[in-house]
Amino acid sequence: MIDLAAQKILVQDSANQYSETLVEFDRASVKRTWKKNQSYQIDLTATNDSSLAYSLLRNENSLLVGGQEYLIKQVKPDLKGYSNQVEITANHVYYESRRIWQYNKRAGTITYSIQDILHYFFDGNLYGFTWEVIGNFSKVQIENLGNTSALDALNTCVDKFNCVIYPDNKHIQIYARDAWQKQVDKSYLYGYNTTTFSCSWDTTSIQNVTKCYGKQKDGQEGQYYFPPFIAKNATSISRWGERPGTEISDERFTDKNAMNAYAMSTMQADPITTMSLTYDGDDPVLPGEVWYLRVEPEQFDTDVEVTGITDYPFAPDHRPEVELDNSVKTLLDEDVAQERAIKKAIDNSKYINSKILNVSDEINNISNYTWTEADVDEWYGH
């Protein structure tokens, strides 16, 4: 992330008439949160110093921090004795794309490129938003596109194209997954540069069985280029059992194998993984970076993508909290670690049981031994 420790917080009114640097604020309260395709915001607490900057801390005015603009959405006065403070939550200006509304609707199911959708919603917008597509995407089918906001359209792109949205102010960058991730020579090492690590798995949304419908033949209702079929992810089923879910219908496909491959890529065949840690090192942590992670107590090591960062730019002693990817590779690496742990536990159990048996045999030998007078004298040192 950008090193904001030496930066200022500039407060600006919505009409761009006034702006001033904020001076009286709790450095430790300034928290910037970014989560991939989910949230991007700044929180802080400021003290009333009768300045212009403080008076501008009102809804829909802007905070300019580290080269990015955030719009104030929540203002909560906090009065304690003689202390007059206000708590602020400001969302990245990117979310103002919800103000762009496309009232027209393209009826029916139509095949679109991601550029088609962005042109349809952003062309001629009055708010200064621009966009850039980075990487390559296949076309998808969308039903009844329109009559919604540009922000909703971007969320549709995330869902349909599996892309990553990362804005630079009002310039919206849309990344293909392979263009987004950046392999770096950096490591999270538990016990060295991170002392907290958590990992959880959620199997609620697993789907590994679906019914597939491809393209219908022109003018032949209910007649398809290939018969509808059941697609199954054998690997997922072998681990989790059959988990059927919503059918997939896509007019792009006239080939069954291509449709099956698409179904495999669409279903949530594995658990959703949540990993997080606190990073104590000195290297900057940037969105989309892929680091090496090693947690020796769990015999766990893998490559992980940075998918969320919460940092405290004006409190350098408050270490950043990092969220990590939920990739299938991570799941497989965790499986290997668990198998090693189970094998080690079994070996330890066998070792302990053998020791217990040895001790038990020795006790039995002692209890069954016939003591002589010489043995007693020797025991008491006579």
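The values are calculated or read from the model by the stated rules, or taken from the named source; none is laboratory data. None of these values were measured; they are calculated from a predicted model. Methodologically, a virtual Cβ is constructed for each residue, glycine included, from the backbone with ideal geometry; neighbour enumeration extends over all protein chains shown. Note: areas computed on protein heavy atoms with side chains; ligands, DNA, RNA excluded. Shrake-Rupley method; radii C 1.70, N 1.55, O 1.52, S 1.80 Å.
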> For segment 34-102 and segment 126-157, what is the separation of their C-alpha centers, rounded to whole Å?
Replying inline: 27
>> Give me the percent of accessible area attributable to carbon and sulfur for segment 257-319, probe 1.4 angstrom.
In response: 46
> Which ³J(HN,Hα) values, rounded to whole Hz and listed in residue order, are derived for segment 179-185 from phi using the Karplus coefficients 6.51, -1.76 and 1.60 in 6.51 cos²θ - 1.76 cosθ + 1.60 with θ = phi - 60°, glycine and proline given as x?
Replying inline: 7, 6, 6, 10, 6, 10, 8
> Of 36/215; 182/211; 76/182; 8/80; 8/36, which pairs sit farther than 28 Å apart, going by alpha carbon to alpha carbon?
Replying inline: 36/215; 182/211; 76/182
> How many percent of all Cα-Cα pairs in segment 17-82 sit more than 20 Å apart?
Replying inline: 28
> Which whole-Hz ³J(HN,Hα) couplings does segment 43-54 yield from phi under the Karplus relation 6.51 cos²θ - 1.76 cosθ + 1.60, θ = phi - 60°, glycine and proline marked x?
Replying inline: 10, 7, 10, 10, 9, 5, 10, 6, 8, 4, 4, 5
> Roughly how many whole Å is it from the C-alpha centroid of segment 279-314 to that of segment 239-261?
Replying inline: 35
> Roughly speaking, what % of Cα-Cα pairs in segment 163-232 are separated by over 21 Å, rounded to a whole number?
Replying inline: 70
> From the phi of every residue in segment 31-39, what ³J(HN,Hα) in whole Hz does the Karplus formula 6.51 cos²θ - 1.76 cosθ + 1.60 yield, where θ is phi - 60° and glycine or proline is x?
Replying inline: 10, 9, 10, 10, 10, 3, 6, 10, 8
>> Full-extension gain between residue 216 and residue 130, please, as 0.36 nm times their residue separation minus the C-alpha to C-alpha distance.
In response: 27.2 nm
> With each pseudo-label sitting 7 Å past Cα toward Cβ, what's the residue 187-residue 80 distance in nm, one decimal?
Replying inline: 4.3
> Measuring with a 1.4 Å probe in the full set of protein chains, what accessible area per residue, in whole Å², belongs to segment 1-101?
Replying inline: 51
> Out of segment 246-308, which trypsin sites (Lys or Arg not before Pro) are coil in DSSP terms and have no more than 16 other C-beta atoms within 10 Å?
Replying inline: 252
>> Which order do the peptides 295-302, 163-170 come out in when sorted by mean C-beta neighbours inside 10 angstrom, highest first?
In response: 163-170, 295-302
